[in-house]
Amino acid sequence: MIFKTAESTGGVPVVISEMPQVESVCVGLWFPAGSRYEAAKDSGALHFIEHLLFKGTKRRSPRQISEAIEGVGGYLNAFTSEEMSCYHAAAPASRLELLFDVLLDMVENSVFAPDEIERERGVILEEIKMYEDQPAQVVQDQLNALLWPGHALGRPITGTLASVAKLTRRDLLECRKRHYDPARMTVTVAGRVESDAVLRLLGRRKGGAAPRTPRRTLKPAGKGPVVAVVKKAIEQTHLAIGLRTVPRHDPRRYAIKLLSVLLGENMSSRLFQLIRERYGLAYSISTQVSFFHDTGSFVVAAGVENEKAVQALRMTLKTIAALAVKAPSASELRRAQDYIVGQMYLGLESTANQMMWAGEGMIGYGAVLDPHEAARRISKVTPAEVREAAAFLIGRNRLAVAAVGPSVDEAAIAQAARFP
């Protein structure tokens, strides 16, 4: 696979992956606009704007926007994360011009009609209530608040019921102007497409403005474990265990990703085999890592039997700590390396994932990382480097533990929230 980087006549950064073996094409319009750039009073505004860009332009009603893409067998979607936003669509390759026409119309010409704002406010408030009924989401939100106290990274991307209720049309328009300047747009395309066709469709739109980078300074991680407990009448206790990690540009990120795979990203991982397979304490236990501009997180999430929550927490922390003392064997590490590389290549068989790979690279790193280079870097990580990564995580970062359940004992959780 080859990602071609170019600029339109007006300077818009473009990345194109020509995939002649497929019959479709996927287009993404990317912006360095994410929830961490919001002031507390505007919490949820960018997610609100994401919804509103589907709610009518000067040329199309909301229904006409969806019908234009779905009517040719395609799909249209968007997401807002902590540091980036993307509006994307896919359809048969012959509909490339239509995809660009609809997506550019949405980001350039949305009208933010007052009645649509109020209607969509109600939709988002129901979305937030839906998440509040999902204990796995509640415990993750609690953990984020512990990991990033007083910082936008610690607030929900959707905002809260209170913050969304207060956002005015003026607030939303000002936020859109500040974060969705068309000159900050990056375009990524993957599928049966030729580069010249993409550049022609972008025309002379101006681009190439300096990328946005976070300015708010994160507070130090602090000392000692921090714990949050929410009592909820549910059938399980949900645990989320978190540690701060390194930023996305830190070369140690490859060892930390491998640490996550070794511990909990598949069925052969240590935590899955121990917590689920050997002791039957949980149906699901998993790990994940997230890397941001200036920091990152390592998270373990599990839904466990109510009476066994403390036991599961202690066993999890002991398993993590073991890797800080003794490096994984060469064969165990090789399986983890092969898993990451194999999953990456399997994912990149799809046009949507190639479009996402290119966009996340451009917004996050300013360039698209060659997948083969990523595979090479993963394969070069040594067992000793994984052990050092584990020691770094548990030795220099504050442990954070959140729990949601019907009978969670906060004192017992706090007492267990320590590495052996």
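So is LEU125 open to solvent by less than 30 Å² (accessible area, probe 1.4 Å), part of a helix (DSSP H, G or I) and among the aliphatic types (A, V, I, L, M) or not?
no
Residues in the stretch 100-112 that are under 13 Å from HIS51 (Cβ atoms) and over 24 Å from the mean Cα position of the chain (by Cα): SER110, PHE112. Could you tell me whether the stretch 324-336 includes any residue that is polar (S, T, N, Q) and more than 24 Å from VAL27 (Cα to Cα)? Yes: the stretch 324-336 contains one or more residues that are polar (S, T, N, Q) and more than 24 Å from VAL27 (Cα to Cα).
The test for being more than 24 Å from GLY122 (Cβ to Cβ) and either touching a residue at least 24 places away in the same chain (Cβ under 8 Å) or of a type in the set (A, V, I, L, M, F, W, C) (or both) does not hold for GLU38. Among residues of the stretch 270-299 that are among the small types (Gly, Ala, Ser), those with a Cβ under 8 angstrom from a residue that is open to solvent by 60 Å² or more (accessible area, probe 1.4 Å), sequence gap 6+ or separate chain, pair up as ALA282/ARG276; ALA282/GLU305; SER284/ARG276.
The set of residues in the stretch 247-281 that are among the hydroxyl-bearing types (Ser, Thr, Tyr) and open to solvent by 60 Å² or more (accessible area, probe 1.4 Å) comprises SER268, TYR279. Meeting the requirement of 3 or more residues that are modelled with pLDDT under 95 and aromatic (Phe, Trp, Tyr), no helices (runs of 4 or more DSSP H) wholly within the stretch 285-378 can be named. Apart from one condition, TYR131 fits all of (1) open to solvent by less than 40 Å² (accessible area, probe 1.4 Å); (2) under 28 Å from ALA414 (Cβ atoms); (3) of a type in the set (Phe, Trp, Tyr); the exception is (1). One residue is enough: does the stretch 202-224 have a residue meeting the conditions within 23 Å of the chain's Cα centre (by Cα) and open to solvent by less than 20 Å² (accessible area, probe 1.4 Å)? For the stretch 202-224, residues within 23 Å of the chain's Cα centre (by Cα) and open to solvent by less than 20 Å² (accessible area, probe 1.4 Å): present. The number of residues in the stretch 123-138 that are of a type in the set (Val, Ile, Thr) and touching a Ser or Thr at 6+ places or on another chain (Cβ under 9 Å) comes to 2. If the condition is being open to solvent by 60 Å² or more (accessible area, probe 1.4 Å) and either of a type in the set (Gly, Ala, Ser) or closer than 15 Å to ALA40 by Cβ (or both), then the stretch 166-183 contributes only LYS166. Looking across the stretch 312-346, the residues that are open to solvent by less than 70 Å² (accessible area, probe 1.4 Å) and either among the charged types (D, E, K, R) or farther than 30 Å from LEU369 by Cα (or both) come down to ALA312, LEU313, MET315, THR316, LEU317, THR319, ALA321, ALA322, GLU332. A residue that is surrounded by fewer than 23 Cβ atoms within 10 Å (Cβ to Cβ), among the polar types (S, T, N, Q) and under 28 Å from GLY361 (Cβ atoms) occurs nowhere in the stretch 58-73.
When the stretch 82-104 is filtered for residues that are of a type in the set (Gly, Ala, Ser), under 18 Å from SER195 (Cα atoms) and surrounded by 21 or more Cβ atoms within 10 Å (Cβ to Cβ), the ones remaining, listed by number, are ALA89, ALA90, ALA91.
Among the residues making up the stretch 362-394, a single one is farther than 17 Å from PHE291 by Cα, of a type outside the set (D, E, K, R) and open to solvent by 60 Å² or more (accessible area, probe 1.4 Å): HIS372.
The values are calculated or read from the model by the stated rules, or taken from the named source; none is laboratory data. Because the structure is predicted, anything quoted here is derived from the model rather than measured. Neighbour counts run over all protein chains shown; Cβ positions are idealised from the backbone, glycine included. Each accessible area value is taken on the protein alone, full model and side chains, heavy atoms only, with ligands, DNA and RNA left out. Shrake-Rupley method; radii C 1.70, N 1.55, O 1.52, S 1.80 Å.
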